[in-house]
Structures are given as structure tokens and as C-alpha cells.
Amino acid sequence: MSFLVDSVIMFTSQVLFFGFGWLFFMRRLFKDYEVRQYIVQVVFSVTFAFSCTMFELIIFEILGVLSSTSRYFHWKVNLYVILLVLIFVVPFYIGYFVVSNIRLLQRQRLLFACVVWFTFMYFFWKLGDPFPILSPKHGILSIEQLISRVGVIGVTLMALLSGFGAVNCPYTYMSYFLRNVTDSDILALERRLLQTMDMIVSKKKRIAMTRRMMYQRGDDQNKQTGFWGMIKSVTSSPPGSENLSLIQQEVDALEELSRQLFLETVDLHATKERIEYSKTFQGKYFNFLGYFFSIYCVWKIFMATINIVFDRVGKTDPVTRGIEITVNYLGIQFDVKFWSQHISFILVGIIIVTSIRGLLITLTKFFYAISSSKSSNVIVLVLAQIMGMYFVSSVLLMRMSMPLEYRTIVTEVLGELQFSFYHRWFDVIFLVSALSSILFLYLAHKQAPEKHMTL
């Protein structure tokens with residue numbers, strides 16, 4: 001009876017997660033597009049539902065909700081379903097919709113979709129060769145063999161996003177990095193934009209008038225016949241006729257300049273609004289968060305460097321370790337085990353909520369940046385693939401943030417994986433991503449004032 005009740009609870013939560021994924025798909029991703037392929041919506045919602053269920057099981061593990069046998073069963077079912085979707089279903093439909101957009105392959109799209117899927121499986125399997133994730137103990141389609149490869153891709157994505165986010169967040173929030181923009185700067189740039197637009201209009205008028213005169217000239221030539229008419233048409237040219245190709249090149253150059261000026265004007269207005277916003281209470285709060293995250297970024301880069309150089313992986317979760325250091329330093333009596341459980345639960349909850357929210361915001365921005373009516377289905381499936389791998393890898397890495405007694409079932413479910421490898425790999429990719437982001441933002445910030453000075 002207890003197993004049945006636990007299964008009802010899990011099924012109900014999965015239905016709720018599926019509904020939330022469905023609404024997010026309709027209200028956020030596809031609000032500007034017509035849904036023609038409901039299978040895409042179902043696959044996205046299923047991926048989101050089972051991804052969130054893994055986080056729910058982690059929280060249930062800490063709180064002791066459901067029986068241990070029920071949690072273990074649903075862990076297994078959830079992992080097998082999410083791996084089935086990520087490795088078999090989503091790649092096949094990505095290949096299917098890519099082939100469907102190619103006219104020459106539409107008649108044999110099912111065959112070519114299978115070819116694309118087999119190609120994906122080949123490279124997916126070969127991914128395990130350069131990494132220490134293979135184990136001769138397990139079968140080819142064992143959960144360890146599959147989740148280890150998904151973990152490499154997902155941890156790489158997590159580290160890239162985390163490295164960029166750790167640098168970009170303080171750069172975005174802190175008013176220190178804002179350029180000093182005045183109303184006179186905006187007016188001067190808008191004046192240049194209007195002058196450029198006037199020049200474009202005048203040159204297009206010249207092109208229209210010249211073409212009209214050439215058209216009238218053609219009518220006059222049709223009326224004139226005989227030898228003297230032919231001589232006159234060759235030796236004379238209508239007044240105002242000009243080299244249209246040269247004028248058109250000038251118009252194209254001015255239109256490109258107007259686009260750049262328009263974008264710069266929008267950027268200056270946005271910067272001016274950010275300066276005004278930074279003076280408000282909420283702006284000062286985010287400015288403080290920016291300084292906090294900048295310290296966190298420096299600390300994270302430093303710790304990642306230490307872990308890489310000394311080949312170090314922590315065996316104690318950060319909360320327990322931090323409480324032990326504080327208690328030993330202050331010399332007070334404190335129940336470390338009791339409080340570490342509760343604080344770990346709060347920390348894991350914060351990590352889960354921020355991970356889901358941050359990833360959904362990132363996916364939405366990415367979708368609107370590159371999507372079109374033809375490619376929208378493919379892009380949604382790619383985002384579902386990224387989302388699923390991201391969440392599976394989050395479980396791999398979040399295991400270290402849990403107290404030792406709660407890691408047992410997660411370790412049993414995931415199998416005999418090289419967990420230390422994933423943490424070292426995360427540190428390497430995070431360090432590369434963070435340093436590259438610092439260099440990129442430094443060059444962009446340095447180039448921005450020079451750009452305004454030349455315009």
C-alpha cells in the first residue's frame with residue numbers, strides 16, 4: 001500500500017511538471033509561432049518533467065519523504081526514461097525535422113533520419129574513448145555506460161555556462177562598469193543618424209529620378225526612326241543621367257552606417273536607463289550583489305586552479321566542512337550533523353531553483369535569438385537535449401553538496417562512476433570559460449568608449 005501511495009505522489013508531481021513544461025512551451029517559446037508538430041511539444045515537456053523529478057527525488061532523499069525502496073525504484077525508472085529520451089528519442093526527431101526541411105530528402109526522410117541517428121550514436125559512443133569513464137564490468141547499454149557519456153556533455157555545458165555567468169553577472173549588475181553617458185552624447189548620435197537618413201533619402205530620390213528620365217528617354221527613342229534618330233540616341237544623353245551603380249553603392253554604405261548608428265543609439269539609451277536604475281534602491285541592491293558575485297568569481301577561479309594543480313577533490317560537502325571549521329575556530333558546542341542536514345537542504349533547494357530558472361531564461365533568450373518558422377522545431381528539440389543533459393549532470397555534481405548519508409542512494413542509482421573525474425573536468429572547463437569571458441568582456445568594455453569617440 002505504501003508503494004502505491006508513493007507512486008501516486010510521484011506520478012502526480014510528474015504530471016504537474018509536465019503541465020508546467022507545456023505552458024512554458026506555449027506561453028514563452030512558441031508564443032509567436034504556430035504549433036504544427038505536437039510531438040515536439042510532448043518531447044520537450046516530458047524531458048522537463050523527468051528532469052525536475054530528479055531534483056524532486058534529491059529533496060525527498062534529504063527530507064526522508066517516501067520509503068527508501070520507493071525512492072530507489074523511481075530513481076531507476078526516472079533515469080532510464082530520461083536516458084531513453086536524450087539518447088534515442090530527441091536525436092532521432094532532430095534528424096527527422098532537419099531532413100524534412102531539405103526538399104531533396106523529404107521523400108526518404110525516415111531513412112535519412114535513421115542515418116542521422118546512427119551517426120549521432122557513433123560519435124556519442126566514441127566520446128567515451130578519451131575520457132576515463134569506461135568500465136569493462138558493465139554491459140554496452142548499462143546505465144553506467146550511458147549516463148557517463150551524457151555526464152561528460154552535460155558537465156561541459158554546465159561549466160561553460162557557469163564560467164560565463166560567474167563573470168557576466170557582476171559585470172552586468174555592478175554600476176562600476178557602466179559607461180558615463182549624457183544626454184548630449186545621445187543627442188549627438190541621434191543627430192548623426194538623422195543626417196545619414198536624410199542623405200539616404202536624397203540619394204534614393206536621385207536614383208528614382210534618373211530611372212524615370214531613362215524610361216522617358218526610351219519612349220522618345222521608340223518614336224524616333226531612321227538613320228539620324230539612331231545617331232542621336234547614341235551621341236546624346238538625357239540631362240541628369242548618372243551612374244546608378246555608383247550611387248547604389250553609396251546608398252548601401254550609408255544604410256549600413258545607419259544600422260550601426262541605430263544600434264549604438266539603442267545601446268546608449270539602454271546604458272542611460274541602467275545608470276538611472278542604479279541610483280534606485282533596487283539598483284543599489286543589485287550593485288551590492290555584483291560586488292558579492294565578483295568576490296565569489298575570484299574565489300571560484302582560485303579554488304578551481306588549486307583543484308586542478310593539486311588534483312584535489314573534496315570528500316566532505318561544503319556545508320559540513322564550513323560548519324566544522326567555524327565550530328573548531330570558535331570553540332563552541334554545536335550539533336554539526338543536525339544543522340548540516342538542514343542547511344544542506346536549504347542550499348540544495350536554492351541550487352535547484354536557481355538552476356531551473358537560470359536555464360529556462362537562457363534557453364528562452366537563445367531560442368528568440370536564432371529561431372525562425374522553419375527551424376523552430378529543431379531548435380526546441382536541441383534545447384530539450386541540452387536541458388536534459390544539463391539536469392542529469394547537475395545531479396552528478398550536486399551529489400558532492402549532499403551530506404555523506406544522503407549520497408548513498410544517489411551513488412547506487414547512478415552506478416560505479418568516476419565522480420572525481422567529473423568534478424575535475426568541471427573545474428578545467430569552468431576555468432577556461434571564466435578566463436575567456438573575462439578577456440572577452442574586457443575587450444568589449446575597452447572598445448565601447450573608442451567606438452563612441454569615432455562615431
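The values are calculated or read from the model by the stated rules, or taken from the named source; none is laboratory data. What you see is a predicted model; the values in this text were computed from it and never measured. Using ideal geometry, Cβ is built from the backbone for each residue, glycine included, and neighbour counts are taken over all protein chains shown. Protein only, heavy atoms only, side chains kept; ligands, DNA and RNA dropped before computing areas. Shrake-Rupley method; radii C 1.70, N 1.55, O 1.52, S 1.80 Å.
Total residues in the range 128-143 satisfying the condition of being hydroxyl-bearing (Ser, Thr, Tyr) and either buried (at least 20 other Cβ atoms within 10 Å of the Cβ) or modelled with pLDDT under 65 (or both): the figure is 1.
Scanning the range 144-180 for residues being closer than 17 Å to residue 392 by Cα and at pLDDT below 75 gives a total of 0.
Results for (1) in contact (Cβ under 8 Å) with a residue 40 or more places away in the chain; (2) not β-branched (Val, Ile, Thr), shown as yes or no for each residue.
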{"position": "266", "(1), (2)": "no, no"}
{"position": "272", "(1), (2)": "yes, yes"}
{"position": "284", "(1), (2)": "no, yes"}
{"position": "289", "(1), (2)": "yes, yes"}
{"position": "299", "(1), (2)": "no, yes"}
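Quick check on the range 306-337: of everything there that is in a helix (DSSP H, G or I) and either in contact with a strand residue (DSSP E or B) (Cβ under 9 Å, 6 or more places away or on another chain) or open to solvent by less than 50 Å² (accessible area, probe 1.4 Å) (or both), which residue is modelled with the highest pLDDT? Looking at residues that are in a helix (DSSP H, G or I) and either in contact with a strand residue (DSSP E or B) (Cβ under 9 Å, 6 or more places away or on another chain) or open to solvent by less than 50 Å² (accessible area, probe 1.4 Å) (or both), I get 306.
Residue-wise test of (1) over 29 Å from residue 144 (Cα atoms); (2) without any contact (Cβ under 8 Å) to a residue 40 or more places away in the chain; (3) open to solvent by 80 Å² or more (accessible area, probe 1.4 Å).
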site: 23; (1), (2), (3): yes, yes, yes
site: 47; (1), (2), (3): no, no, no
site: 63; (1), (2), (3): no, no, yes
site: 66; (1), (2), (3): no, no, no
site: 72; (1), (2), (3): no, no, yes
site: 89; (1), (2), (3): no, no, no
site: 96; (1), (2), (3): no, yes, no
site: 102; (1), (2), (3): yes, yes, no
site: 112; (1), (2), (3): yes, yes, no
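Take residue 379 and tell me if it is over 27 Å from residue 81 (Cβ atoms), β-branched (Val, Ile, Thr) and modelled with pLDDT of 75 or more. Considered against the rule, which asks whether it is over 27 Å from residue 81 (Cβ atoms), β-branched (Val, Ile, Thr) and modelled with pLDDT of 75 or more, residue 379 comes out as no. Would the range 52-59 turn up any residue that is without any contact (Cβ under 8 Å) to a residue 24 or more places away in the chain and either under 15 Å from residue 388 (Cβ atoms) or over 24 Å from the mean Cα position of the chain (by Cα) (or both)? Yes: one or more hits. Take the conditions (1) open to solvent by 80 Å² or more (accessible area, probe 1.4 Å); (2) in contact with a helix residue (DSSP H, G or I) (Cβ under 9 Å, 6 or more places away or on another chain); (3) modelled with pLDDT of 80 or more; residue 239 misses just one of them, which is (3). Residues that are closer than 30 Å to residue 274 by Cα and without any contact (Cβ under 8 Å) to a residue 12 or more places away in the chain were ranked within the range 184-221; the one that is least open to solvent (accessible area, probe 1.4 Å) is 188. Inside the range 115-125, residues that are open to solvent by 20 Å² or more (accessible area, probe 1.4 Å) and over 16 Å from residue 378 (Cα atoms) make up a count of 7. Checked against the criterion of being among the polar types (S, T, N, Q), within 30 Å of residue 263 (Cα to Cα) and either open to solvent by less than 20 Å² (accessible area, probe 1.4 Å) or modelled with pLDDT under 85 (or both), the range 415-426 has no qualifying residue. A single member of 106, 41 is over 24 Å from residue 398 (Cα atoms), open to solvent by less than 20 Å² (accessible area, probe 1.4 Å) and either of a type outside the set (A, V, I, L, M) or out of contact with any helix residue (DSSP H, G or I) (no Cβ under 7 Å at 6 or more places or on another chain) (or both), and it is 41.
With respect to being over 19 Å from residue 399 (Cβ atoms) and either crowded, with 19+ Cβ neighbours inside 10 Å or modelled with pLDDT of 90 or more (or both), residue 3 falls outside the description. Of everything listed in (1) at pLDDT 85 or above; (2) over 20 Å from residue 211 (Cα atoms); (3) open to solvent by 80 Å² or more (accessible area, probe 1.4 Å); (4) of a type outside the set (D, E, K, R), the single unmet condition for residue 228 is (1). Residues of the range 261-281 being farther than 21 Å from residue 173 by Cα and open to solvent by 90 Å² or more (accessible area, probe 1.4 Å), which ones? Residues satisfying the conditions are 262, 263.
When the range 250-283 is filtered for residues that are of a type in the set (Val, Ile, Thr) and in a helix (DSSP H, G or I), the ones remaining, listed by number, are 251, 265, 266, 271, 275. Which one of these is under 26 Å from residue 91 (Cβ atoms), modelled with pLDDT under 85, open to solvent by 40 Å² or more (accessible area, probe 1.4 Å) and part of a helix (DSSP H, G or I): 36, 28? Every option except 28 fails the conditions.
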